[in-house]
1. Using a simple charge model, +1 on the beta-carbon of Lys and Arg, -1 on the beta-carbon of Asp and Glu, nothing else, what dipole does the chain show about its Cα centre, in debye to the nearest 20?
2. Going by how many other Cβ atoms sit within 10 Å of their own, how do Leu267, Leu277 line up, fewest first?
3. Can you show me the helix-derived [θ] at 222 nm for the chain, built from DSSP H runs with n ≥ 4 at -39,500 (n - 2.57) apiece and divided by the number of residues, rounded to the nearest 500.
4. log₁₀ I(q)/I(0) of the chain at q = 0.06, 0.08, 0.09 Å⁻¹, via Debye over equal Cα point scatterers, no solvent, to two decimals?
5. Does the stretch 84-228 come out rounded, prolate or oblate by the C-alpha gyration tensor, with a ≥ b ≥ c the root eigenvalues, rounded set by a/c under 1.5 and, if not, prolate when a/b is larger than b/c and oblate if not?
6. Note the full-extension length gain between Ala70 and Glu150 as 0.36 nm times their separation in residues minus their Cα-Cα distance, in nm to one decimal.
7. Give the shape of the stretch 149-211 as rounded, prolate or oblate, defined through the alpha-carbon gyration tensor: a ≥ b ≥ c are the square roots of its eigenvalues, a/c under 1.5 means rounded, and otherwise the shape is prolate if a/b is larger than b/c and oblate if not.
8. Going by a ≥ b ≥ c, the root eigenvalues of the Cα gyration tensor, does the stretch 116-181 fall in the rounded group (a/c under 1.5), the prolate group (a/b larger than b/c) or the oblate group?
Amino acid sequence: MAKPRLIAIAGATASGKTAAAVRLCQRIGGEIVSCDSMQVYRGMNIGTAKPADAERGGIAHHMIDVVVPAENYSVPAFREQAGAVIEDIIARGKRPVLCGGTGLYIDALTRPMAFSEESDEALREELKAIALEPGGKARLHAMLAAVDPESAQRLHENDVRRVVRAIEIHRLTGRTMTEQMALDRAREGDYRVQLFALEWPREALYARINRRVDQMMAQGLVKEVEGLLRQGVPPDSTAMQALGYKEIAAALNGLCTIEEAVEAIKLGTRHYAKRQLTWLRRDGRARWIPAENRDLDEIVNTIIEETEHDAD
């Protein structure tokens, strides 16, 4: 029996993924499964560029607003929930279209990921306790660097949850996170996957990122962050460590000016875009679709032609 087919539209932040996925779904009878690790949180709309109703074009969007910001969401939880959504979409005769910039979420749905099932709660709590000590985050990060320098270079010491996870994987498997993910990539998944990545020249992409941040500020990002803090969302929660939120929270706490926070968001987002593109370039499945100076229908036509060609 042939495996079900999945189309995934990826790319750097601000590359136009959502608009392309919506138009594709309108053309092929699809529904979107979001693969964005921050759009899962309710009430975090502006800073995550969550598509408004008008932007969704009448297309069902799944895996958006599934947890409260105070909750730390995990890759296994995402895989379980989103996997059930995909099966339901297929059962109803629709086409699932993955859309998002979180490479780990896309991989969670399109590749077997044994490492995400390995866990040791006692070890995890022990490592988290180290981070709470004076100078603990730096010490924890140094522990990671000693066994997995590649992950240590990729992860900031303040990203305690992912630093802890990388150490945990090494302790449990004897392999680095990078090595384990490479093994997972070599295994066969449950779907036939067609992965498309929207490509922009660097300066054009950076200009789009800067404009998006300015739009977020105009739409009320400061008020959104203020509201989350008033609701009691912990400043060190995964949600509040998201780009845009941590910088504005720092400004509200008097650690910098709003203007400085905005520049930090733009710089951080550009760096994040580079990491997203690096992830995709390592994925041999990605087919790059040039997006500059092309309208939405041209981009979608290319995707449809590629998918139909593969179906032959």
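Throughout, read-outs are computed from the coordinates displayed, never taken from laboratory work. Small disclaimer: the values here were computed from a predicted structure and weren't measured. Counting neighbours? That spans all protein chains shown, and the Cβs are built from the backbone with ideal geometry, glycine included.
1. My answer is approximately 260 debye.
2. Leu267, Leu277
3. About -17000 deg cm²/dmol.
4. The computed values of log10 I(q)/I(0) come out as -0.20, -0.37, -0.47.
5. Since a/c reaches 1.5 but b/c is at least a/b, the shape of the stretch 84-228 is classed as oblate.
6. In short, 25.9 nm is gained.
7. oblate
8. Note, shape of the stretch 116-181 comes out oblate.
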